[in-house]
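Data first, discussion second: the structure below is written as structure tokens.
The values are calculated or read from the model by the stated rules, or taken from the named source; none is laboratory data. Source: prediction; values computed, not measured. No Cβ is skipped: glycine too gets one built from the backbone with ideal geometry, and neighbour counts run over all protein chains shown. Heads up: the accessible areas ignore ligands, DNA and RNA and are worked out on the full protein's heavy atoms, side chains in. Shrake-Rupley method; radii C 1.70, N 1.55, O 1.52, S 1.80 Å.
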Amino acid sequence: MNLFLARVIKISSVLILMLLAGRLSSQEKNETNLFSHQIQIKANQNKASSYFFKSASYFLEKEWDSTLVYAMRHLEVSGVKDDLVNYLHYFRGFSFKEKGLFDEARNEFNLIDPNFEFYYLVKKGLGVIALEKREFKAAISYLEPLTKLKQDQYNYLSKSEIFQNIGLCYHHLNEFAKAEDYLIENLKLREFQQDTLKLIGAYVNVANVYYEQYKDDLAISYFEKAYILSKTTKSIRKMVLTTLNMAVVEENRKDYKKALSYRKEYEKWKDSLNDQNKIYEVAKLEKEFAVKEKQKEVSLLKLENKAKVNERNGLLYSVLTLLILLGVTFYFYKEKTKANKIIIAQKEGLDELNATKDKLFSIVSHDLRSSVNALKTSNAKLLDNLEAKNLDALDEQLQNNSAIVNGAYNLLDNLLHWALLQTKQSYFEITSIRLFFIVEQMAYNYKPLMLENNLEFQNNVPKSVQVSADQESLKIVLRNLLDNAIKFSKPHGTINVYSELINDAYVDFVIEDSGIGMTEDTRLKLLEDSVLLSKKENENLVGTGLGLQLCKSMIKKNNGIFDIKSELGKGAKMIVSLPKTT
């Protein structure tokens, strides 16, 4: 064999080995565990999206067909435009690539938004597809930018594989200088990683570049390193590759003795590989047979379990039916008991209301009768004094008649407002009110009466104080409390109206008199939330206690609080707490 023919054989042999190495390194069988972990997190965050969750789960299980189906179902949802779309196109692109459908894989990868957080993995996928399709320049355009990523991004892809694939592309393009740079860098990374099998491939790749450039001494040293290293592994495929390389090298060096030795070793490892493949095939058949037998056992167990489940379910359904019947019975019994309690409570409430109504009618009719009778008696005296022309007695009698009429009018007015409040017919609107002017207005109506009784009135409410309340109901409250203060004040006494700011939410509105006061028992009874009425001792003052009850109801409706502070003989403080206007 002449030198020219030997070099042709040499180049042809090396090219075959180079393509084998290139094909082996370009296949991505797995993404890194860290990227798989990120996908698992994304799937768990989107369990509500069942199609996405299933496609992600099948992707992690390397079930490519199922991944394609469920990813497509999610993408077919009308109007879907969420951040999951990029993941779904990636799942489909990667699955097509693993199935060898490179055109479909490329189409899916090209649909991914460049802003996708793992877009550099998309670039890697496109580069691998271009390498598989022998589009070496396109592969380089995709892969070279990946050599300049941030360090943390290499947690999700192998930097050494990127350099290796770029080097192989330049090798195929016969740009040996660039191929050498990238493959040497890959070799350094492999040595640092201490991955024996991949390091063997890295040695072979560098050796091929040197060998094609006729740098035989450099090439042979790397072929020998790969051969020596392969002997430390259990990979028969690596032994076949490295021994064949050494046989070709020695044949081209015309050392046929060594070449023959390597050829024999190559044939031995090749036979072992074939035997191993046969063993794998037999093991596979045995496994399939064992699986079928196991499947039969499983089917029988399923039938037995199904029968047991049906029996258990029948018993369970019977128990559930009985429990439901008991539950329904108990529910209706409980509802009936509850309804009876409500009826009894309503009856007691109606009885109490009827008793209150009867007492109210009794007291009102008695007080009105007393008032009319007092007016009748007073009018008879008035006529007598008129005939006698007793002007002093006549003036006194007219004032007495006025007091009786005013008392009767207030009683009827309170009765009307109480009835409207009870039947919910009164107009009610909460607005912002300045207390000072309301007090002035109501006090003006009572000034003649206060002058008659020699009572001193003081309005110490600041003009700036504002409360949230219904104006008309507040007037009724103030009128009744002033009326009570005048009734129970001694001559030459004092009535003081003022406000106190307790907190940021409420204002205390106080009507204080220096009258006869009341006992503690009376104070507590007046604060009870009851419509029971009490009759005044003075028959000349028409009143039933209805006015105070009306005040309490209207204060409550205004979101206020009513309180009384008093001691017998020391006057009384009627305190109305109202919401402050913000």
Can you work out which of the residues in segment 37-76 that are within 13 Å of Tyr90 (Cβ to Cβ) and among the polar types (S, T, N, Q) is most open to solvent (accessible area, probe 1.4 Å)?
-> Gln38
Evaluate segment 498-513: report whether one residue or more is without any contact (Cβ under 8 Å) to a residue 40 or more places away in the chain and more than 54 Å from the chain's Cα centre (by Cα).
-> no
Evaluate segment 188-196: report whether one residue or more is within 30 Å of Asp255 (Cβ to Cβ) and either among the polar types (S, T, N, Q) or touching a His at 6+ places or on another chain (Cβ under 6 Å) (or both).
-> yes
Filtering segment 426-435 down to residues that are open to solvent by less than 80 Å² (accessible area, probe 1.4 Å) and among the aromatic types (Phe, Trp, Tyr) yields Phe428
Scanning segment 466-521 residue by residue, those closer than 25 Å to Ser432 by Cα, outside any strand (DSSP E or B) and among the hydroxyl-bearing types (Ser, Thr, Tyr) turn out to be Ser473
Which of the residues spanning segment 228-257 are of a type in the set (S, T, N, Q) and either crowded, with 21+ Cβ neighbours inside 10 Å or assigned to a helix (DSSP H, G or I) (or both)?
-> Ser230, Thr242, Thr243, Asn245, Asn252
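So that you can scan it fast, the table gives a plain yes or no per residue for (1) under 19 Å from Ser36 (Cβ atoms); (2) modelled with pLDDT of 90 or more; (3) in contact with a helix residue (DSSP H, G or I) (Cβ under 9 Å, 6 or more places away or on another chain); (4) outside any loop (DSSP other than H, G, I, E, B):
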site	(1), (2), (3), (4)
Tyr51	no, no, yes, yes
Tyr70	yes, no, yes, yes
Val77	no, no, yes, no
Lys81	no, no, no, no
Asn86	yes, no, yes, yes
Lys97	yes, yes, yes, yes
Arg106	no, yes, yes, yes
Leu146	no, no, yes, yes
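Could you look through segment 436-494, keep only residues that are among the small types (Gly, Ala, Ser) and surrounded by fewer than 19 Cβ atoms within 10 Å (Cβ to Cβ), and pick out the one that is modelled with the lowest pLDDT? Spell out how you get there, then give the answer.
First pass over segment 436-494, keeping only residues among the small types (Gly, Ala, Ser): 443, 464, 468-469, 473, 485, 489, 493.
Next cut, surrounded by fewer than 19 Cβ atoms within 10 Å (Cβ to Cβ) only: 443, 464, 468.
Values: Ala443: 85, Ser464: 90, Ser468: 91.
The residue in question is Ala443.
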Does Ala177 satisfy being more than 57 Å from the chain's Cα centre (by Cα), open to solvent by less than 30 Å² (accessible area, probe 1.4 Å) and among the aliphatic types (A, V, I, L, M)?
-> no
